[in-house]
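Scroll down for the structure; my scribbles are underneath it.
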Amino acid sequence: MRPRMTSVVAFYLVLWTAACGASERSPTSLASIPTPSETATRIVTATSSAIALVIPSATLAPTQSATATATATATATATAVASATSSASSDEQQMYTLINLARARTGAPIVAADPTLQLIAQARSHDMLARHYFAHTDPVTNEPLAQILLRRLGLNIPYGENIFFSAAYDAAFADEAMQWLMADAPHRDNILRADWTDVGVGVASDGQTTIATQIFGVK
């Protein structure tokens with residue numbers, strides 16, 4: 001019998017910034033990504049919630065002190081972040097397929113699987129699993145972590161992030177995650193947004209806790 005998902009919590013974040021120049025499509029070594037680490041907190045609740053945030057571009061530039069703190073924290077998370085790879089797992093491939101099937105049903109253009117966005121999504125999921133938190137922002141600096149990683153890789157692009165949490169893992173994780181996200185209006189809107197051109201998906205699990213991150217972008 002498949003393990004029963006005891007809790008699901010997901011959040012949604014859309015961040016828009018002005019695009020600056022061309023972006024690279026080849027993945028960058030995770031050793032160069034100063035991502036803070038994390039572990040996933042098990043949240044036992046019968047309800048789910050979503051938060052939609054719009055942050056003006058002027059607020060997105062990390063301060064020097066916050067950047068230094070995030071860089072220092074990254075050292076403690078090297079093991080977790082190193083678990084991310086540029087290749088997609090079966091769960092990530094399945095979620096990517098389901099994203100484009102959902103978009104095709106509404107007439108939205110297909111999004112390409114981008115290796116750089118995938119690397120960032122994988123790092124985000126592994127980081128949350130390692131440091132026991134579940135959020136779009138760093139629990140120490142309160143900085144938007146996807147934004148920090150994008151800029152570390154030279155990408156100043158519009159992007160959106162969906163994160164999904166499950167207290168258990170089973171083979172149908174990708175399907176269950178997408179069912180929940182598509183049933184929630186803010187997350188569904190992010191998945192179906194017509195102007196996205198690329199996506200990266202990252203899934204991390206320790207067998208008891210599973211986290212998925214979807215990062216959409218315009219490249």
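The values are calculated or read from the model by the stated rules, or taken from the named source; none is laboratory data. Just so we're clear, the structure is a prediction, and the values are computed from it rather than from any experiment. For accessibility, only protein heavy atoms count, side chains too; no ligands or nucleic acids. Shrake-Rupley method; radii C 1.70, N 1.55, O 1.52, S 1.80 Å.
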Open item on the list: Could you work out what % of the accessible surface of segment 103-162 is carbon and sulfur, using a 1.4 angstrom probe and leaving DNA, RNA and ligands out of the count?
Closed with: 55
Open item on the list: Pairs of alpha-carbon atoms within less than 8 angstrom and 6+ residues apart define the contacts here; what relative contact order does segment 114-219 have, in percent?
Closed with: 44
- [ ] Quick one: divide the alpha-carbon radius of gyration of segment 112-194 by 2.2 N^0.38 Å and tell me what you get.
- [x] 1.15
